[in-house]
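Please read the structure below before turning to the comments.
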Amino acid sequence: MRSRFLALALVIPAAGVFLAGSADAATTLGASAAATGRYFGTAVAAYKLSDSTYANILSTEFNSVTPENEMKWDATEPSQGTFSFGSADQIVNLAKNQGKKVRGHALAWHQQQPSWAQNLSGTALRNAMVNHVTQVATHYKGQIDSWDVVNEAFADGGGGGRRDSNLQRTGNDWIEVAFRTARAADPAAKLCYNDYNTDGQNAKSNAVYAMVQDFKARGVPIDCVGFQSHFNAQSPLPADYQANLQRFADLGVDVQITELDIEGSGTAQASSFAAVVRACLAVTRCNGITVWGIRDSDSWRASGTPLLFDGSGNKKAAYTATLDALNGGTTTPTTPPPTTTPPPTGAGCTTSITLNQWNGGFVATVRVTAGSSAIRGWTATVTLPSGAAVTNTWNATRSGSAFTNVSYNGSVGAGGSTEFGFQGTGTGPSTSTCAAQS
């Protein structure tokens, strides 16, 4: 989760837990998510577990937990070499007793460092980080489903570069070192990079995308990317949210919505929560969703009433919309609806387009489906309306209106499919054709 320090020190994200509940899939968030092979989790504060309303909702509704602050560097290593796991252990043990998964958050981050770490630099800080990651990940070895290994390492703004932090100044390879260290300490856990303002395609998300692509190419152990997804009127749900999740998934990593909250109320808030759920359900490698708190009063931005339960623990309209979306399967609304064509018989391929259109621009996701025979390559030709222009492309090579597979997605099994996407200005396309190499 993004930390915002105004006059106060604000809360940051933690790890997710999976609850294998016995509740009916139609009646709770966790059970409904589990019916699709996913989790629906929440951030948890250890000191609130004695609140009976809080604890009951946690036990009943969620199948994953993320310690809100209890696993961060300042909480787990207050003095150099001296570790304190009491509060984090309390959350992990509760999760295990209730059959929930745990997301570990966060091993390396430029915020919420203990004062002794803030006073280090260079090799001394690098060695301290490596030791911290090793000791914490080893302590929880085999108990964590996914670790946020590195949190918020990229800068905001148009540059798309790394954040200038004390960790970054130890050397540009610090993120890679943190991931390799975490893998050695906890080999079974999924290792995630987590950030905010990366929910749509922009300079920051493109920079993260390039890092993940590089890590996958060089064998750096990265398994997942976390999208914090803090939305409000000034930063609403992006039109290309699903397409952005999909392009990361197409790199061969899982995607997780790690700190969801949406300021607002009533129908508008409910619709946005439902849209996030449907986007996750539409992306096969979206493992699940974590909301950043249980009741509005538990939120780090409580005045915006951004969660699914009100301050008294009552279910809001946003809760009902979220549960309905979880129970609705894997369909997702589009504008306009995607065009579909039956797969061809024999060799060949077809395409279908899912379009997210807004005033002046669009994101198009194109699914390429093989016929009854496997194909070794494909080219999709897209009919762009007059005045439309393509500005960015992913998972394909573009030449004019023709989009050709890249090295990792040309081979498609019989009846199988792959996706590519592009962003543009003007009105998006609704038709395309496909040619295959058999």
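A few comments on the model shown:
Quick grid of which residues meet (1) in a helix (DSSP H, G or I); (2) modelled with pLDDT of 95 or more:
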residue: 307; (1), (2): no, yes
residue: 312; (1), (2): no, yes
residue: 319; (1), (2): yes, yes
residue: 333; (1), (2): no, no
residue: 338; (1), (2): no, no
residue: 341; (1), (2): no, no
residue: 345; (1), (2): no, no
residue: 353; (1), (2): no, no
residue: 356; (1), (2): no, no
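- Residue in the range 149-161 that is under 30 Å from residue 79 (Cβ atoms) and either more than 19 Å from the chain's Cα centre (by Cα) or in a loop (DSSP other than H, G, I, E, B) (or both) present: yes
- In the range 281-311, of all residues being closer than 25 Å to residue 248 by Cβ and among the hydroxyl-bearing types (Ser, Thr, Tyr), the one that is least open to solvent (accessible area, probe 1.4 Å) corresponds to 290.
- Selection over the range 259-298 of residues that are closer than 26 Å to residue 365 by Cβ and assigned to a helix (DSSP H, G or I) gives a count of 15.
- Only residues that are in a helix (DSSP H, G or I) and of a type in the set (S, T, N, Q) were counted in the range 106-142, giving 8.
- The residues listed here are 424, 410, 428, 415; of these, the one that is part of a strand (DSSP E or B) and either touching a strand residue (DSSP E or B) at 6+ places or on another chain (Cβ under 7 Å) or open to solvent by 30 Å² or more (accessible area, probe 1.4 Å) (or both) is 424.
- Selection within the range 29-47 - assigned to a helix (DSSP H, G or I), open to solvent by 10 Å² or more (accessible area, probe 1.4 Å) and not hydrophobic (A, V, I, L, M, F, W, C): 47
- Looking only at the range 97-108, and only at residues there that are open to solvent by 10 Å² or more (accessible area, probe 1.4 Å) and in contact (Cβ under 8 Å) with a residue 40 or more places away in the chain, the one that is farthest from the chain's Cα centre (by Cα): 98
So that you can scan it fast, the table gives a plain yes or no per residue for (1) touching a residue at least 60 places away in the same chain (Cβ under 8 Å); (2) under 18 Å from residue 248 (Cα atoms); (3) out of contact with any Cys (no Cβ under 8 Å at 6 or more places or on another chain):
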| residue | (1), (2), (3) |
| --- | --- |
| 159 | no, no, yes |
| 166 | no, no, yes |
| 180 | no, no, yes |
| 191 | no, yes, no |
| 196 | yes, yes, yes |
| 202 | no, yes, yes |
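- Residue that is nearest to residue 175 (Cα to Cα), among those in the range 86-96 that are in contact with a helix residue (DSSP H, G or I) (Cβ under 6 Å, 6 or more places away or on another chain) and open to solvent by 50 Å² or more (accessible area, probe 1.4 Å): 87
- Criterion (among the acidic types (Asp, Glu), modelled with pLDDT of 95 or more and surrounded by 15 or more Cβ atoms within 10 Å (Cβ to Cβ)) met by exactly one of 214, 199, 173: 199
- Any hit, the range 122-132, residues being open to solvent by less than 20 Å² (accessible area, probe 1.4 Å), more than 24 Å from the chain's Cα centre (by Cα), modelled with pLDDT of 95 or more and of a type in the set (Gly, Ala, Ser): yes
- Residue check, residue 148 in the same structural domain as residue 258 (by the TED database), within 19 Å of residue 258 (Cα to Cα) and touching a residue at least 24 places away in the same chain (Cβ under 8 Å): yes
- Of the residues making up the range 176-196, those that are open to solvent by less than 60 Å² (accessible area, probe 1.4 Å) and assigned to a helix (DSSP H, G or I) are 176, 177, 178, 179, 181, 182, 185.
- Note on the range 134-163: residues that are out of contact with any Leu (no Cβ under 9 Å at 6 or more places or on another chain) and more than 21 Å from residue 227 (Cα to Cα) total 8.
The values are calculated or read from the model by the stated rules, or taken from the named source; none is laboratory data. Computed from a prediction, not measured in an experiment: that's the story for all the values here. Methodologically, a virtual Cβ is constructed for each residue, glycine included, from the backbone with ideal geometry; neighbour enumeration extends over all protein chains shown. What goes into the accessible areas is simple: the full protein's heavy atoms, side chains included, and nothing from ligands, DNA or RNA. Shrake-Rupley method; radii C 1.70, N 1.55, O 1.52, S 1.80 Å.
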